[in-house]
Every structure is written in C-alpha cells, then in structure tokens.
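This report concerns only the one structure given below.
Bear in mind that the values in this text are calculations on the coordinates, not laboratory data. Just so you know, these numbers come straight off a predicted model, no measurement behind them. Glycine gets a Cβ as well: all are built from the backbone with ideal geometry, and neighbour counts include every protein chain shown.
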Amino acid sequence: MAQINPSILSADFARLADEARAVEGADWLHVDVMDNHFVPNLTLGVPIVESLRKATGIPLDCHLMIEDPDRWAPQYVEAGAGSVTFHVEAAAAPVRLAREIRAKGARASMALKPATPIEPYEDLLSELDMVLIMTVEPGFGGQAFLDIMLPKIRRTRDLVARHGLDVWVQVDGGVSASTVERCAEAGADVFVAGSAVYGAEDPAAAVRGLREQAAA
Ligand code: DX5
Ligand code: ZN
C-alpha cells in the first residue's frame, strides 16, 4: 500500500510536536537534515530528532542531506530514527554504511540527486530497504516537481523487481495532488510531501487524499 510521509521541513519549527500530531495517520514523519554544505540550507540535527522521537509515535524517516553521512548516520539511528537515508553522492562507503544502519536496527536507504543515475548502484540494492529518488534538487521545500525523473523511478522499480527484492521506492520533492498519481504509475510506493501537506488547511486530510490518489 502507498505510504505518505509528511515532511516537517514545511512545518512550523517552533511547534514541531504539535505539527507531528497534526498528521496522525501518516505512515512516517519525514525529517530533512541539512548541513549547509551538501545543500545550501541548514535545518536540524540529532537533538531535535531525539526530542521528536519522544513527542510522537509516528516513526521517523530521516533524510540526511549532509556531508560525511558515514560518520553521522549511525547517530540518527541512536537518536530514534526508524529509517535513515544517506545520499550516495556524499557517502564514502555506502555498503558499509547501509550495513551499519541495519545492524543498529533501522531501515537503510540511499538517495539519488536528480543528476545521479540508479544503474551504477544496481548491485547495492540488496543492501538497502529503500531508494529515495529526488524529484527536485535537494535543499528546499515547495519546489516544482521534475517530470524528467519519472523514467528513473520506473527504472529503479524495474531493477528492484528484476532482483526480486523488497526495496521501497520513495519520491521526494514537489509531490502533490497533481503529481502523486504519475509517481505511483512510475512505480513509487513511498511519497514524501511537505508543502502539499503542511500548506493544506487540514494536513491529516491532505495525507488521506494523497494516499487515496496514490493507490488509485
Ligand atoms: C527537499 C527535501 C524535501 C522537501 C519536500 O530537499 O528533501 O523532503 O521537504 O518538500 P515539498 O514536498 O514541498 O517539495
Ligand atoms: Zn527530504
């Protein structure tokens, strides 16, 4: 079934606990960690993930847009993340890192920026629980969805199927009522939505709406 992960990047950072409760019923809470080096924006780190973990029952899906994920990703598992995504462009040893994340008890996921192809990483898929396909350049919420990423979503889904793996395919960036169906048709099964959820009058209803559309 389609999973909808609201991104708290579009939430009010002074009211994160309330904002997490506002999307009860969501599958995961997507937490965008940015370090102002890998991307030109700065958001939050380990202590806030620890606090969020205590404030909400929704599992945390941490998306690390940071340099040196080999060093930092394990700390996000220890802070309570249920899933940790590192960017393959930034990882020095992605296989070792995925194994470490899994060994510590979280789902391991690899993200690809728009210009990064999936094919060189085919042999890594068996080490992963999820692949995140960026459908905007990482760094900011509220950007327009890049249609040209749809074939990469399809190729990723096909590779996962060809290897008989249970790897989720997540899309992140510009996912909304007008793009979620195309993502689902292309083979995505996990949908991150920031502005489309937190910009809505009723965020929980927006989550339900996106889930219905993705499943249609
Ligand atoms: C962007 C982040 C996304 C962002 C998505 O770099 O990784 O998770 O919050 O926001 P929307 O859904 O508004 O594009
Ligand atoms: Zn993200």
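A single entry from 95, 88, 197, 169 fulfils the requirement of being buried (at least 19 other Cβ atoms within 10 Å of the Cβ) and either over 17 Å from the mean Cα position of the chain (by Cα) or within 13 Å of ligand 2 (Cβ to nearest atom) (or both): 197. Counting the residues of segment 47-96 that are away from ligand 1 (no atom under 14 Å from the Cβ), farther than 13 Å from residue 34 by Cα and of a type in the set (D, E, K, R) gives 7.
Is it fair to say residue 164 is away from ligand 2 (no atom under 16 Å from the Cβ), farther than 27 Å from residue 36 by Cα and out of contact with any Gly (no Cβ under 9 Å at 6 or more places or on another chain)?
yes
Listed conditions (1) in contact (Cβ under 8 Å) with a residue 60 or more places away in the chain; (2) buried (at least 21 other Cβ atoms within 10 Å of the Cβ) are all met by residue 108, apart from (1). Of the candidates 95, 84, the single residue that is farther than 23 Å from residue 196 by Cβ and in contact with a Cys (Cβ under 8 Å, 6 or more places away or on another chain) is 84.
Being part of a loop (DSSP other than H, G, I, E, B), within 13 Å of ligand 1 (Cβ to nearest atom) and either over 26 Å from residue 209 (Cα atoms) or among the β-branched types (Val, Ile, Thr) (or both) is a description that applies to residue 39.
Listed here are the residues, each with its yes/no results for (1) free of Cβ contacts under 8 Å to residues at least 60 places away in the same chain; (2) surrounded by fewer than 18 Cβ atoms within 10 Å (Cβ to Cβ); (3) more than 25 Å from residue 12 (Cα to Cα).
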{"residue": "58", "(1), (2), (3)": "yes, no, no"}
{"residue": "75", "(1), (2), (3)": "yes, yes, no"}
{"residue": "118", "(1), (2), (3)": "yes, no, yes"}
{"residue": "142", "(1), (2), (3)": "no, yes, no"}
{"residue": "153", "(1), (2), (3)": "yes, no, yes"}
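Those residues that are of a type in the set (Asp, Glu), surrounded by fewer than 20 Cβ atoms within 10 Å (Cβ to Cβ) and not in a helix (DSSP H, G or I), I need them from segment 1-36; list them, please. Matches in segment 1-36: 12, 24, 27, 35.
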